[in-house]
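The values are calculated or read from the model by the stated rules, or taken from the named source; none is laboratory data. Because the structure is predicted, anything quoted here is derived from the model rather than measured. Here the Cβ positions follow ideal geometry from the backbone for every residue, glycine too, while neighbour counts run over all protein chains shown.
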Amino acid sequence: MKRLRIPDGIPCLVIIGLIFGYLGSVMGLPNMLNTIMKTAHALLLDTVFYLMGICVITGALGRLFIEFGVVKLIERLLRPLMKPLFNLPGVASLGAVVTFLSDNPAIISLAQDKRFAAYFKKYQYISLTNFGTAFGMGLLVIVFMVGQGFYVEPFIGLAGAFVGCVVSTRIMQRFVVKAYPQFADEQVVEEPLEVAAEEKQPHESLFIRILNALLDGGRSGVDVGIAIIPGVLIISTFVMILTFGPSATGYTGAAFEGVELLPWLANQCAWLFEWLFGFTDPHLIAFPITALGAVGAALSVVPNFVAEGWMDGNAIAVCTAIGMCWSGYLSTHTAMLDSLGYRQLTSKAILAHTIGGLAAAIVAHWIYLLYALI
């Protein structure tokens, strides 16, 4: 007897109906639709174009470094450190620097340059998404936390984020090799051809070399900026609606309103966060939950938390670590891996980075406890 097969479209419609039915029942259908559109529009104007600007600048700077041999110099100097810790060539440290100074997608501007990619095997190349994300907006996070009157704790958080980066990158590499064993030996590009090009004596003048490097790198940054639009608008909008609550006057259909589902779920296991991270107030869970979508949005809750007395030194260290390590990876990982051409590995990258962020927070908590004993 032939079994009746349910069309694939039916489960899809049921899931979508449940999600939007829940959101609409809480917010009201017109308000929900207006909030989705206005949030996506605000993200496009305030976030995507900002990230595109970062990608253009860092892409130009990265291409300049590659053109004049800075990449090769960094590779030689930092190879002893990068290989044992991250299992990456020393040149990957340039990606850590540019993402620390800017944001996660900046490393893709570098990765898409064949001369940079020539140093990597495929499994290492794919893990750059996790590696670069762990340092995303690091300078901004540290400076912001110092501005709240905490001076040692943010650097404890930086140490935690460093450990989280090691964990996330290594786990992602294991996931990739397990799924695609051939990637353990395959180069991204043919190293002898591409790297040899870096050694050729240029025929152009110094001015032309600088100009070409800046413009070519900036052009690649524009391509990356366009590539991240779907991931940021779709995923970040959804995360923010599940994270934020209504405005002061209720649901009005304004941007960044939501149903606060994620904070409510996190509050159900507040004891776990207290045990792992040392959080003394359940409100603190809002920071890591919000950092999933955007660390900038997560930072906006810190001044109020400090004023209310909810945030102590331990919380600053933990939030710095997890905010820097995660730095909105749910809204950027999809677009970043799509730009590299490995979209099918997005779920593995997200899982690896989730573990890495939790490790960063736990390490920061224990380092702070040791610091407090001194």
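Values for this structure:
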| quantity | calculated |
| --- | --- |
| Enumeration of residues in the stretch 187-214 that are under 26 Å from the mean Cα position of the chain (by Cα) and at pLDDT 85 or above | Gln187, Leu214 |
| Qualifying position, being surrounded by 13 or more Cβ atoms within 10 Å (Cβ to Cβ), under 27 Å from Ala335 (Cβ atoms) and out of contact with any strand residue (DSSP E or B) (no Cβ under 8 Å at 6 or more places or on another chain), among Leu13, Leu44, Leu73, Leu18 | Leu44 |
| Helices (runs of 4 or more DSSP H) fully within the stretch 249-360 counting 3 or more residues that are under 24 Å from the mean Cα position of the chain (by Cα) and not β-branched (Val, Ile, Thr) | 261-267, 270-277, 286-291, 295-299, 313-326, 329-340 |
| Among (1) of a type in the set (S, T, N, Q); (2) farther than 17 Å from Ile350 by Cα; (3) at pLDDT 80 or above - the single one Thr169 does not satisfy | (2) |
| Odd one out for Tyr371, checked against (1) among the aromatic types (Phe, Trp, Tyr); (2) buried (at least 24 other Cβ atoms within 10 Å of the Cβ); (3) touching a residue at least 40 places away in the same chain (Cβ under 8 Å) | (2) |
| Lone unmet requirement of (1) of a type in the set (Gly, Ala, Ser); (2) within 23 Å of Gly24 (Cα to Cα); (3) crowded, with 19+ Cβ neighbours inside 10 Å for Ala291 | (2) |
| Residue in the stretch 60-80 that is touching a Gly at 6+ places or on another chain (Cβ under 6 Å) and free of Cβ contacts under 8 Å to residues at least 12 places away in the same chain present | yes |
| Counted residues, the stretch 82-115 - those being in contact with an Asp or Glu (Cβ under 8 Å, 6 or more places away or on another chain) and surrounded by 24 or more Cβ atoms within 10 Å (Cβ to Cβ) | 1 |
| Answer residue from the stretch 236-248, given it is in a loop (DSSP other than H, G, I, E, B) and of a type outside the set (Gly, Ala, Ser) and is farthest from the chain's Cα centre (by Cα) among those | Pro246 |
| So Gly217, is it in a loop (DSSP other than H, G, I, E, B), surrounded by 19 or more Cβ atoms within 10 Å (Cβ to Cβ) and in contact with a helix residue (DSSP H, G or I) (Cβ under 6 Å, 6 or more places away or on another chain) | no |
| Pair list, Cβ under 7 Å, 6 or more apart: the stretch 276-292 residue acidic (Asp, Glu), other residue in a loop (DSSP other than H, G, I, E, B) | Asp281/Trp310 |
| Residue count, the stretch 245-275 (criterion: free of Cβ contacts under 8 Å to residues at least 60 places away in the same chain and of a type in the set (Phe, Trp, Tyr)) | 4 |
| Enumeration of residues in the stretch 129-154 that are in contact (Cβ under 8 Å) with a residue 12 or more places away in the chain, small (Gly, Ala, Ser) and over 27 Å from Ser347 (Cα atoms) | Gly149 |
| Residue within the stretch 111-120 that is among the small types (Gly, Ala, Ser), assigned to a helix (DSSP H, G or I) and in contact (Cβ under 8 Å) with a residue 24 or more places away in the chain present | yes |
